[in-house]
Amino acid sequence: MTATSQRRVLLAKPRGYCAGVDRAVQTVEIALEKYGAPIYVRKQIVHNVHVVKTLEERGAIFVDETEEVPEGSIVVFSAHGVAPVVHEEAKGLDLRTIDATCPLVTKVHKEAVRFAAQDYDILLIGHEGHEEVIGTTGEAPDHIHLVDGPGDVGRVTVRDPEKVAWLSQTTLSVDETIATVEKLRERFPKLMDPPSDDICYATQNRQTAVKEMAAQSQLVIVVGSTNSSNSVRLVEVAKEHGADAAHLVDYADQIDPAWLEGVTTVGVTSGASVPDELVQDVLAWLSDRGFGAAEEIESVQESMRFALPHELRKDLRITPV
């Protein structure tokens, strides 16, 4: 057996772009083509350094706050969603808005509104400061309490233990979310579940694929940015399910050759906001160092697609499928 055939690369499938990210990135690209630069984007359209840089080069201008957008301009809201107050700010500045919020995040927003209308205390499982959490909280700020993992459950206080519901940020670790819900249910036995699982299908699928791959890998390389919650979770999941080591990189040239010492099997995957060209660069990097062609590990098939935001469809005269 040759040295090359002994050094394996396992490639997770599904990986990379999810339907919500694909829709959001396309939204900015099409807006630039249709209306011309500049197109303003509130926050990063998706949490990926390369995607943001590429769109900036094409004429997108990313801002942190609505007030930074010149009056009367076009602004795209990111895939992570915004609070109702942001829509009001945009209206006050006479901005033309295109809402690229992922439909799965919009679902969580609607659940928050519904539970709040029924006067439930809502326990939102998520990470403090994450844009998605800020947007969801803004839908019902007087009813929502953030729970940042199982260790945070003990400090939760509610008005009526009989009227408590939980929701979650869509990009969390499935296992940690389950553990948090179990802890919450110990404290609040009448805890109400959302009508459907809030964890995004793509987050779940990528974590399932990594679990299968990590069990066969000594090292897992996750392509993704440090501010991408789902990418960071993939690193954690890989370590928890068999990999000796796992690292997050934006680009192939960030891989440390020392990570490969004594390693014969490397697993590769990417977060839901990562274009596949960056994964191919990692595979080429590994090939240059004696690793064989990637063997794809497919745990589940994905076919989800989302229509473009209605604001774009209207101008493009596209009928949603």
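Here is how the numbers come out for the structure above:
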{"item": "Residue, surrounded by the most Cβ atoms within 10 Å (Cβ to Cβ), within the stretch 30-50, restricted to residues that are within 19 Å of Leu316 (Cα to Cα) and touching a residue at least 60 places away in the same chain (Cβ under 8 Å)", "result": "Ala31"}
{"item": "Checking Cys200 against (1) within 17 Å of Arg8 (Cα to Cα); (2) touching a Cys at 6+ places or on another chain (Cβ under 8 Å); (3) not small (Gly, Ala, Ser), the condition it does not meet", "result": "(1)"}
{"item": "Subset of the stretch 162-202 [open to solvent by less than 10 Å² (accessible area, probe 1.4 Å), in a helix (DSSP H, G or I) and out of contact with any strand residue (DSSP E or B) (no Cβ under 7 Å at 6 or more places or on another chain)]", "result": "Ala202"}
{"item": "Residue check, Lys163 among the basic types (Lys, Arg) and under 24 Å from Ala202 (Cβ atoms)", "result": "no"}
{"item": "Positions within the stretch 108-123 being in a loop (DSSP other than H, G, I, E, B) and either among the charged types (D, E, K, R) or open to solvent by less than 10 Å² (accessible area, probe 1.4 Å) (or both), in sequence order", "result": "Asp119"}
{"item": "The stretch 223-239, subset of a type outside the set (Gly, Ala, Ser) and touching a strand residue (DSSP E or B) at 6+ places or on another chain (Cβ under 6 Å), residue surrounded by the fewest Cβ atoms within 10 Å (Cβ to Cβ)", "result": "Lys239"}
{"item": "Residue within the stretch 275-296 that is aliphatic (A, V, I, L, M), in a loop (DSSP other than H, G, I, E, B), surrounded by fewer than 14 Cβ atoms within 10 Å (Cβ to Cβ) and out of contact with any Pro (no Cβ under 9 Å at 6 or more places or on another chain) present", "result": "yes"}
{"item": "Residue in the stretch 1-17 that is β-branched (Val, Ile, Thr) and buried (at least 22 other Cβ atoms within 10 Å of the Cβ) present", "result": "no"}
{"item": "Hits in the stretch 36-81 - residues which are of a type in the set (A, V, I, L, M) and in contact with a strand residue (DSSP E or B) (Cβ under 7 Å, 6 or more places away or on another chain)", "result": "Ile39, Val41, Ile45, Val52, Ala60, Ile61, Val63, Val69, Ile74, Val75, Val76"}
{"item": "Failed item, numbered, when Ala258 is tested on (1) among the aliphatic types (A, V, I, L, M); (2) outside any loop (DSSP other than H, G, I, E, B); (3) in contact with a helix residue (DSSP H, G or I) (Cβ under 6 Å, 6 or more places away or on another chain)", "result": "(3)"}
{"item": "Which numbered condition Lys211 misses (of (1) in contact with a helix residue (DSSP H, G or I) (Cβ under 8 Å, 6 or more places away or on another chain); (2) within 29 Å of Val266 (Cα to Cα); (3) open to solvent by less than 50 Å² (accessible area, probe 1.4 Å))", "result": "(3)"}
{"item": "Number of positions in the stretch 249-274 that are open to solvent by 20 Å² or more (accessible area, probe 1.4 Å) and either in contact (Cβ under 8 Å) with a residue 40 or more places away in the chain or in contact with a Ser or Thr (Cβ under 6 Å, 6 or more places away or on another chain) (or both)", "result": "5"}
{"item": "Unmet requirement for Asp253, which otherwise passes all of (1) assigned to a helix (DSSP H, G or I); (2) closer than 18 Å to Thr170 by Cβ; (3) of a type outside the set (Val, Ile, Thr); (4) at pLDDT 95 or above", "result": "(2)"}
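Table: residues versus (1) within 17 Å of the chain's Cα centre (by Cα); (2) open to solvent by less than 70 Å² (accessible area, probe 1.4 Å); (3) modelled with pLDDT of 95 or more.
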{"residue": "Val52", "(1), (2), (3)": "yes, yes, yes"}
{"residue": "Ile61", "(1), (2), (3)": "no, yes, yes"}
{"residue": "Glu68", "(1), (2), (3)": "no, no, yes"}
{"residue": "Ser73", "(1), (2), (3)": "no, yes, yes"}
{"residue": "Gly81", "(1), (2), (3)": "yes, yes, yes"}
{"residue": "Pro84", "(1), (2), (3)": "no, yes, yes"}
{"residue": "Thr106", "(1), (2), (3)": "yes, yes, yes"}
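The values are calculated or read from the model by the stated rules, or taken from the named source; none is laboratory data. Because the structure is a prediction, the values reported are computed rather than measured. All Cβ positions, even for glycine, are placed from backbone atoms using ideal geometry, and neighbour counts span all protein chains on display. Keep in mind that these areas ignore ligands, DNA and RNA; they rest on the heavy atoms of the full protein, side chains included. Shrake-Rupley method; radii C 1.70, N 1.55, O 1.52, S 1.80 Å.
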